[in-house]
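J.: Structure in C-alpha cells, see below.
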Ligand SMILES: Nc1ncnc2c1ncn2[C@@H]1O[C@H](COP(=O)(O)OP(=O)(O)OP(=O)(O)O)[C@@H](O)[C@H]1O
Ligand SMILES: [Mg+2]
C-alpha cells in the first residue's frame with residue numbers, strides 16, 4: 001500500500017540533511033538537477049553550548065534551528081548526535097525478519113541497561129543490497145550467518161528530537177545514522193577495505209567498508225576538542241586563541257611535511273620534532289614563537305592519543321575478520337587540520353586522505369569536510 005501510494009504521489013527531488021554537532025549545526029540541501037543529485041546549499045551556525053551534554057538545551061537549540069530553517073522546505077532528515085544512539089554489529093544466524101526482531105531485543109539487553117520497552121530498537125542486515133553490496137549475497141557468509149547492525153535509542157530522546165524540530169518549524173521525515181550518511185557520501189564505491197572516519201569536536205564516527213558494504217561501525221569518544229582543550233588548559237587562553245594556536249601548529253606540521261616530501265628523504269621522529277619546532281619558531285608572531293615550538297611537540301603527543309583510538313578500532317576488526325583497512329577516508333572538522341592528518345598517517349602507516357564526495361556541487365558551493373554527514377543525510381531518499 002505504501003509503495004502504491006509512493007508511486008502515485010509526485011516524487012520529491014529536494015532534501016535537507018541537518019547534522020547537529022557538538023560544535024556546529026550543519027545543513028545541506030541536495031536537489032536532483034538534470035537527473036543527478038547536486039548540493040545546492042550549505043549552511044552552518046554554532047551549536048548552543050553543551051548541546052549534547054546531559055540535558056539538551058532545548059530553547060537555544062530551537063532558536064538555532066529556526067535560524068537554519070528553509071521557509072519553503074520544512075521536511076528534514078537528521079541524525080541523533082552525541083552518544084545517544086548505541087550501535088553494535090553482531091554476527092547472527094540467518095533469521096526471518098520476525099525472528100531477527102526478537103533476537104535484536106535480546107542482544108540489545110546485553111549492552112544497554114535501559115529496559116527494552118523504553119528504547120527504539122532497529123536492526124539492519126549489513127549485506128543487504130540496499131546497503132550497497134557490490135557483490136550478491138556472499139555464499140560463504142550465508143553458511144556462517146550474517147552481520148547485523150543493532151541500534152538502540154531511548155524513546156524519550158526521539159520524542160524530544162521531533163518536538164525540538166517541530167517547534168523550530170521543521171518536520172523530521174527520518175532520523176538516520178551518521179554511519180549510513182558517511183557510507184552514502186564515501187563508501188558505496190569503495191573497492192577493497194577502507195575506514196571512513198568523521199572527526200568532529202567531541203565524538204568521531206568510524207565506519208569500516210569492504211567492497212561497498214558496511215562491516216563495522218563504532219563511535220569514538222574523541223574529537224578535535226581534545227586539541228583545543230589541551231591548549232586552553234596548558235596556556236590559559238580562551239577558545240579563539242586556542243584555535244589560532246592550533247592552526248599555527250597545523251601550519252608548522254604541514255610545512256614540515258611538505259619540506260620533507262620535496263626533499264624526498266627519510267627523517268627520524270627526533271629530526272621531525274626539531275624541524276617542526278624550528279618551523280614554528282620562525283612563524284611571524286614573536287610572542288607565540290616559543291610557546292608554539294613547545295606546543296608542536298605536546299600536540300603531537302595529543303594527536304597520537306587520538307590515533308591510538310583509531311588504531312584500536314582498526315585492530316579490533318583485523319582480529320575479528322583478519323582484514324586490514326587499506327586506507328582511511330577522513331571528514332569532519334579534523335579535515336581542516338591537514339598537518340595533524342599527516343601526523344596520523346605517519347603513525348598509522350596507512351594512507352589517510354580527506355574524503356571527496358562523489359556528488360556534484362552547484363557552481364557557487366564548495367565542499368567543506370564538516371558537511372559530509374549532512375550531505376549524506378540529504379542523500380537518503382535520493383540514492384539507495
Ligand atoms: N577550520 C576549521 N573550521 C571548523 N572547525 C575546525 C576548523 N579547524 C578545526 N576545527 C575543529 O573541528 C571541530 C568542528 O568539527 P565538526 O563540525 O565536524 O564537529 P561537530 O560535528 O560539531 O562535533 P561532533 O561531531 O563531536 O558532534 C571543532 O572542534 C573545531 O575546533
Ligand atoms: Mg559531527
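Nothing in this text is a laboratory measurement; each read-out follows from the coordinates by a stated rule. Model, not experiment: these values are computed from the prediction. Backbone-built Cβ (ideal geometry, glycine too); neighbour counts: all protein chains shown.
J.: Sort 44, 313, 102 so that the residue with the fewest other Cβ atoms within 10 Å of its own Cβ comes first and the one with the most comes last.
T.: 102, 44, 313
J.: What's the extension gain from residue 189 to residue 101 if we count 0.36 nm per residue and subtract their Cα-Cα distance?
T.: 28.7 nm
J.: Rounded to the nearest 0.05, what FRET efficiency do residue 118 and residue 59 have when you use their Cβ-Cβ distance and R0 = 35 Å?
T.: Efficiency at R0 = 35 Å is approximately 0.90.
J.: To continue, here is another question. Quick check: from the Cα gyration tensor, does region 196-257 come out rounded (a/c under 1.5), prolate or oblate?
T.: It is oblate, given that a/c is not under 1.5 and a/b is not larger than b/c.
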